[in-house]
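Each remark here refers to the structure printed beneath this line.
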Amino acid sequence: MIERYQQIWARLLAYNDMDVDFRRFSSMVFLGSLGIGVIGALLASIGRPPALISSMAGLLVFVAVHILAYFYLFFAAQGRAAKVEEILPDFLSLMASNIRSGLTPDKALIVSVQDEFGPLAVEIERAGNSSLTGKPINEVLMGIGEHIDSEALRKTMSLVVEGLQSGGDMVELLEKTALDMRKSSALRRETSSAILNYILFIVAAISFGAPLLYGVSTFLVDIMLKIKQKMTTSMGGSASSLSGQIGIFKGQLQLSSDAVSLFAIASITLTVFFGCMAIGIMHSGKRMDGLKYFPLILVIALGILLAIRWALGQMLGSFVS
């Protein structure tokens, strides 16, 4: 269990090319989350709630810190991968040109390094240094994607290596691969623009539609609870006979205003979470890519929920009282 926990952080650190010992980093994350969780539990226990509530608050803070740290490194790694995939066709074309001019593949690999390649330039320099030590060019090319979380890069390098092993023309192979990647990128941009309307519909539904419905429904439940309470207080025993005639107030309501509000917040949070995952799938084909919008959309959705409840309270509060 501990090794698996450490390997998760080791993989994220490697994809971000961070020269940090993963064991030390994972220990820092765990102890830091534990300390912040203890502080959260102590703050939650100021009003002397049940021990279970303060313990749950501390556990939620502990998990939340882990989630924030994980997604920070994850999206940073995805950003590096996106830059590499964008510049990869230019690198392949430049390498093909250098090989055509008479350079060997390993020398062309080193000469093709450009500062504007960003993270890819670092990986190419690392691979070029490996080739100078006598490492086979196939292993050098396959090692380029070790520190970049890009499936496109790994598949491209694998395709190039397979072409070399089968005796194909490397120049033609690199140029055709670069051309195919540019066509694929253009096709993804066209697809993204075509499904933009669907993405906007999902954003509107989870950021405005759901909070609107939950805001109105929770306010109506609050009105029902207040009316029920006023009837019980003012009429006493006669309220029970009236409840038998009015079905909406029949029996005892096992709800509270706070419970309804918490249910609405939890439901909106889950709706926004899965809605953002759907956005990620439609935009890039990766569920996790949509979660980068989760904090912003969640804040907007909860803000609209509170605003609607406040507006209804201002307009209809006098009626209830």
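The values are calculated or read from the model by the stated rules, or taken from the named source; none is laboratory data. Model, not experiment: these values are computed from the prediction. Note that each Cβ is placed from the backbone with ideal geometry, even for glycine, and that neighbours are counted across all protein chains shown.
For the stretch 37-52, the set of residues classified as modelled with pLDDT of 70 or more and either touching a Lys or Arg at 6+ places or on another chain (Cβ under 8 Å) or assigned to a helix (DSSP H, G or I) (or both) consists of Gly37, Val38, Ile39, Gly40, Ala41, Leu42, Leu43, Ala44, listed by residue number. Name the residue, out of Ala204, Ala186, Ala210, that is among the aliphatic types (A, V, I, L, M), at pLDDT 80 or above, under 30 Å from Leu270 (Cα atoms) and loosely packed, with under 12 Cβ neighbours inside 10 Å. Only one candidate passes the filter, namely Ala204. One residue stands out in the stretch 268-299 among those that are under 16 Å from Ala204 (Cα atoms) and among the small types (Gly, Ala, Ser): the one that is surrounded by the most Cβ atoms within 10 Å (Cβ to Cβ), namely Gly290.
Of everything in the stretch 258-267 that is under 20 Å from Ile223 (Cβ atoms) and loosely packed, with under 13 Cβ neighbours inside 10 Å, the residue that is modelled with the lowest pLDDT is Asp258.
Inspect the stretch 18-34 for any residue being of a type in the set (Lys, Arg) and surrounded by 14 or more Cβ atoms within 10 Å (Cβ to Cβ) and give the result as yes or no. Scanning the stretch 18-34, I find no residue that is of a type in the set (Lys, Arg) and surrounded by 14 or more Cβ atoms within 10 Å (Cβ to Cβ), so the answer is no. Here Ile36, Ile110 are screened, and the one residue that is farther than 25 Å from Met288 by Cα, of a type in the set (Val, Ile, Thr), free of Cβ contacts under 8 Å to residues at least 40 places away in the same chain and assigned by TED's automatic domain parsing to the domain that holds Leu153 is Ile110.
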